[in-house]
Structure formats: structure tokens, C-alpha cells
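Quick notes on the structure that follows.
The values are calculated or read from the model by the stated rules, or taken from the named source; none is laboratory data. Just so you know, these numbers come straight off a predicted model, no measurement behind them. FYI the Cβ positions are ideal-geometry reconstructions off the backbone, even for glycines, and counts take in every protein chain you see.
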Amino acid sequence: MKNATNVIEMRHIVKDFDGFKANDDINLTLHQGEILALLGENGAGKSTLMSILSGLLLPTAGEIWVNGQKTEVKNPTVAKNLGIGMVHQHFMLMDSFTVLENIILGHETTSGPRLDFKVAKQQITQLSKRYGLNIDLDQKISNITVAQQQRVEILKVLYRGANILIFDEPTAVLTPQEITEFIQVLRELAKEGKSIILITHKLAEIKRAADRVTVIRAGKSVGSFNVAEVDDNRLAELMVGHHVNMQLTKTASKPGEIVLKVDNLAVKNKQGIAALKNLSFNLRAGEILGVAGIDGNGQDELVAALSGLTPVDTGQVIINNQDMTNHKVRQITENGVAHIPADRQKYGLILPFTIADNLALQTYYQAPLSRHHILRQDAIKHNAQELINKFDIRTTGPNAQVGALSGGNQQKVIIARELNRDSNLIIAFQPTRGLDVGAIEYIHKQLLLEREQGKAILLISYELDEIMQLSDRIIVLHDGQISGEVQPETTSDEELGLLMTGVKKEGTALA
Ligand SMILES: Nc1ncnc2c1ncn2[C@@H]1O[C@H](COP(=O)(O)OP(=O)(O)OP(=O)(O)O)[C@@H](O)[C@H]1O
Ligand SMILES: [Mg+2]
């Protein structure tokens with residue numbers, strides 16, 4: 001249902017945060033019924049621009065035209081009434097409420113003084129059927145997967161009658177299979193005449209899903225292009241302003257001693273169901289072991305057990321020849337483990353703290369950050385400035401709040417802190433989630449460098465490309481067990497796909 005009518009025109013948008021221009025004269029046009037990708041580096045100003053469009057932030061200057069009319073989107077209610085709905089980069093759902101309650105929250109239908117759940121439920125069920133957004137409406141948010149939570153967010157905006165939908169990095173949290181389904185949903189929405197803005201760092205997705213792409217760089221407009229007319233290299237170049245080398249060079253691995261030994265590990269999930277079933281594997285120094293698999297097959301529990309966040313039922317975790325089973329996080333950390341968690345805001349950062357304090361979280365009680373049990377603020381700040389430079393964290397300085405950083409820059413803070421620490425085992429769970437291609441290239445190079453320096457790296461990722469590019473060996477998790485072990489040079493996406501769905505590999509000596 002593409003149509004040349006402009007449903008949205010953002011003209012010369014400026015957003016100033018205390019003298020820092022996150023948006024600096026940006027133009028964006030959205031046609032009715034199209035899928036427009038919004039592309040830009042971490043910190044380029046994408047989320048800011050979309051927050052302005054959805055009434056969460058007021059622009060410092062510039063105009064917004066909706067359906068040909070100049071409008072002031074003063075607050076989210078105005079946006080909602082204009083039919084603008086946004087699914088945010090970090091979801092905004094109430095954990096202890098059900099799916100249904102979350103969807104109708106703030107938009108309740110009543111019959112007399114009581115909430116009318118029945119009518120709402122019927123309407124939402126219809127919406128979910130129409131767009132293929134399957135979900136159990138009576139489940140609590142805390143019990144459903146991230147992909148399901150995203151469906152809740154989409155239903156929420158649809159239920160509010162949105163016909164202009166903004167998605168801020170929706171696929172960053174999805175597996176390849178879920179991404180395919182999601183793109184299908186987007187197409188369905190566009191076919192029905194809805195207009196969509198899609199923020200993503202994945203160039204392949206822009207190719208698959210979008211009609212046009214608008215590129216911004218460092219808060220400024222670069223231009224808009226028909227997707228069919230630009231290739232990946234050109235897009236990457238437009239985005240970062242210089243050529244990006246998307247191919248990695250990797251030396252042969254020189255595996256040393258066993259650093260991590262997982263022996264017959266069994267762990268239950270939050271619902272008390274067996275999530276890891278007698279899992280066994282080794283990881284050696286100087287080696288990257290990739291753990292592939294579809295989300296929800298034991299990855300969360302494996303990482304939680306290794307890092308001390310969840311109790312182990314039976315089996316052992318040996319790290320650097322010491323039994324670390326059911327030890328405390330601090331003890332495990334001090335035994336040489338660095339941990340890059342998948343959920344950066346829940347486990348990786350303290351959002352109201354400064355960058356400097358977040359960068360000191362694991363080592364604040366040691367020299368040089370402390371002396372005689374007293375924090376040395378100058379050393380903490382100095383440490384932060386060094387890491388900000390080294391990891392190219394885009395910020396105003398060490399005292400900025402981590403919560404005010406762009407998503408990708410929050411991730412860089414965690415990576416900087418964990419890689420900078422003295423460790424010989426790195427547990428990297430989705431380390432490049434939400435990062436732009438330039439930043440991914442940088443992190444991948446860092447991980448390979450750490451490997452060359454003899455560190456052992458456990459890489460758990462839902463990105464097959466990442467697993468294939470970095471790993472020396474790959475194990476595939478399915479239903480809490482290893483369904484196969486393969487070499488990246490000799491396997492294929494198809495073989496991995498089969499293993500991921502639980503079809504075991506012939507002749508694999510399992511566990
Ligand atoms: N509330 C705020 N106060 C101060 N600075 C902010 C605030 N919100 C955003 N910024 C800054 O504005 C810049 C743009 O941030 P924004 O979140 O829009 O980036 P983004 O393009 O969405 O990046 P990412 O791809 O990493 O999500 C960043 O440098 C960020 O630190
Ligand atoms: Mg963002």
C-alpha cells in the first residue's frame with residue numbers, strides 16, 4: 001500500500017541536551033504504507049529523534065508535520081491521538097502484571113465503574129490473529145520470553161490505534177528465526193496501510209524489510225536512499241563516514257590448558273523445570289568456544305550458573321582448576337572471570353550512576369581505585385577517561401550518567417570494564433547486541449586480541465554470523481543439552497540450523 005503521501009515530515013529538528021546537540025538539523029520524511037529504516041552509529045541521535053516524534057522529548061527547534069499539518073507533539077498523549085506509537089529499545093512493561101493487563105494499562109475500557117476485560121480481550125485477540133502476533137494473554141510478563149514481550153509491546157501500540165509505528169532496534173533481542181517472523185509482521189502491517197519507521201544496525205535487515213533508508217551521522221542528516229539502490233558497503237560508509245572493513249582476519253588458534261571445565265551440569269530455570277541437563281564441555285586458554293542455539297534452550301541458565309547468579313543442582317564448574325560450583329559472584333570474579341551479560345541494564349550497569357562509577361564497579365575496592373579502604377575519586381575518574389578514549393564511548397565525560405547514554409554506548413561501558421580487568425576467562429553473552437557495524441568490528445577485534453593473549457572466551461550468541469566468524473569450535477545448545485559440536489570451517493548455516501532444532505549430528509560423541 002505504498003503511497004507518496006507524507007504521513008510524517010520532521011523538518012530541521014534540533015535537540016540540545018545542556019549544550020550537546022544530539023539532533024542537529026535533521027530532516028526525515030515518512031510515506032504512507034512504507035517501511036523506512038533509520039540508520040546511524042551508536043549515539044547518532046536515532047532514539048532521540050524518535051522520542052521527539054512520539055512526544056517523550058520536546059525538540060529545541062524544528063517542525064513536525066503529521067498528515068500535511070504542522071503539529072506540536074507536546075506529550076505522548078498527543079502522539080497517541082495522532083496515531084503515533086513507539087516500541088522502545090528497552091521495553092516498558094510491568095513484570096508482575098499479565099500480558100492483557102499490560103496491553104490495556106492506560107487505555108482501559110470500562111463498563112460502569114468496572115474494568116471491562118472481556119471486550120478488551122476480544123479486541124486484542126483479534127489483533128493478534130490478524131497480524132500473527134501469537135501470545136498467551138493471561139501469562140505474567142516475568143514468565144515470557146523477550147520475543148513474546150516484544151509482541152506485547154506491538155499489540156499495545158496497535159490496541160491504541162496507532163497507524164504510524166516506530167520500532168527502536170526491535171531485532172536486537174530476537175533470534176534469526178524470530179527476526180524472520182518479525183519482518184513478516186512488519187510487512188503485514190505495511191500492507192494494511194500502516195507506516196513504519198524501523199531502527200536497526202543490521203544492514204541485511206534493512207535490505208530484507210525496508211523500502212527506503214534515512215541515514216544520520218553525529219546528529220546530522222546524511223540523506224535518504226532507496227534500499228534497492230545502495231549496497232551494504234555503501235550503507236556502512238554513509239553511516240560511519242569512512243570505509244568499514246566487514247571481513248575479519250583470524251589467526252590459527254593455539255589452545256593451551258583447560259581454563260573452564262563444565263562437568264555434568266544440571267540447573268533448573270525460574271519455574272523449577274530442568275533447563276540444563278547434564279551439560280559437559282571444556283574450554284581452553286587461547287580459544288573461543290561459540291555456543292549457538294535458539295534463545296531459551298539453556299543459554300541464560302548456563303551463563304547464570306557459570307557466573308554465580310543461579311544455584312547449580314548437580315555437576316561441577318571448574319575454573320582455573322578450582323571448584324567454583326555454587327560460589328559467590330565476587331569469588332568467581334576474583335578467580336579470573338570477566339562477564340559481559342546479555343541484559344545490559346539489568347545485570348551490567350547501574351543506570352543512575354556515572355560512567356566513572358560504572359567502570360569501577362568490579363574493582364573499586366582494589367588499588368589503584370582505592371587506598372586504605374578509601375575510594376580515590378581522581379583515580380576512578382582517570383580510569384574512566386582512559387576507557388572512554390580507548391573504547392570510543394560517545395559521551396560528554398566520566399561524570400555523565402550511564403542512563404543518559406545511547407544503548408550502544410551503554411554496551412561499550414560494560415565491555416570496556418570487563419575487558420580491561422585482569423581475567424583469563426571471558427563469558428561474553430551477546431556482546432555486540434545493539435552495536436553499530438563500526439563498533440561490532442572493534443569489539444570483535446578486541447575479543448580476537450584477548451584470545452591471542454591466551455584468554456579463554458565463551459561466546460554465547462544468537463547471531464550465527466558472529467559465532468561463525470569468531471569461534472574456533474562451536475557447540476550447539478538444544479533443550480539444555482549439546483546437540484552437536486562443529487568447526488566453523490567445515491559446518492554450514494544449514495547444519496547449524498538443524499542442530500539448533502535438536503536434530504543430532506551423526507557420529508558426534510555427545511557429552
Ligand atoms: N537525556 C539525555 N541527556 C543527555 N544526553 C543525552 C540524553 N539522551 C541522549 N543523550 C545523548 O544524545 C546522543 C544520542 O543518543 P541516542 O540515544 O539518540 O542515540 P542512538 O542513535 O539511538 O544510539 P544507539 O544506536 O546506541 O541506540 C548520545 O550521545 C547520548 O548520550
Ligand atoms: Mg538508540
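Observations on the model:
- Pairs are defined by a Cβ separation below 6 Å, a sequence spacing of at least 6 or placement on different chains, a first member in the stretch 430-444 that is farther than 11 Å from residue 202 by Cβ, and a second member that is within 11 Å of ligand 1 (Cβ to nearest atom) and not in a helix (DSSP H, G or I); the pairs so defined are 439/42.
- Flag for residue 316 being part of a strand (DSSP E or B), surrounded by fewer than 16 Cβ atoms within 10 Å (Cβ to Cβ), over 21 Å from the mean Cα position of the chain (by Cα) and polar (S, T, N, Q): yes
- Within the stretch 28-54, the only residue that satisfies the criterion of being in contact with a Pro (Cβ under 7 Å, 6 or more places away or on another chain) and either farther than 19 Å from residue 405 by Cα or more than 12 Å from ligand 1 (Cβ to nearest atom) (or both) is 54.
- The stretch 444-466, residues that are part of a helix (DSSP H, G or I) and either of a type in the set (Gly, Ala, Ser) or touching a strand residue (DSSP E or B) at 6+ places or on another chain (Cβ under 9 Å) (or both): 447, 448, 450, 451, 464, 466
- Note on the stretch 57-92: among residues that are in a loop (DSSP other than H, G, I, E, B) and polar (S, T, N, Q), the one that is nearest to residue 173 (Cα to Cα) is 89.
- Within the stretch 363-382, tally of residues that are touching a helix residue (DSSP H, G or I) at 6+ places or on another chain (Cβ under 6 Å) and surrounded by 15 or more Cβ atoms within 10 Å (Cβ to Cβ): 3
Residues are listed down the side, and each one gets a yes or a no for (1) within 22 Å of residue 264 (Cα to Cα); (2) touching a Leu at 6+ places or on another chain (Cβ under 8 Å):
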{"site": "281", "(1), (2)": "yes, yes"}
{"site": "291", "(1), (2)": "yes, yes"}
{"site": "304", "(1), (2)": "yes, no"}
{"site": "315", "(1), (2)": "yes, yes"}
{"site": "321", "(1), (2)": "yes, no"}
{"site": "325", "(1), (2)": "yes, no"}
{"site": "354", "(1), (2)": "no, no"}
{"site": "362", "(1), (2)": "no, no"}
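- When the stretch 402-454 is limited to residues that are among the basic types (Lys, Arg) and away from ligand 2 (no atom under 16 Å from the Cβ), the one that is farthest from residue 381 (Cα to Cα) turns out to be 451.
- Looking across 107, 90, one residue alone is at pLDDT below 90 and within 17 Å of residue 197 (Cα to Cα). It is 90.
- All of (1) under 28 Å from residue 353 (Cα atoms); (2) in contact with a Leu (Cβ under 6 Å, 6 or more places away or on another chain) hold for residue 436 with one exception: (2).
One line per residue, one yes/no per condition, for (1) surrounded by 22 or more Cβ atoms within 10 Å (Cβ to Cβ); (2) modelled with pLDDT of 95 or more:
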residue: 5; (1), (2): no, no
residue: 10; (1), (2): yes, yes
residue: 25; (1), (2): no, yes
residue: 37; (1), (2): yes, yes
residue: 43; (1), (2): yes, no
residue: 50; (1), (2): yes, yes
residue: 55; (1), (2): no, yes
residue: 65; (1), (2): no, yes
residue: 78; (1), (2): no, yes
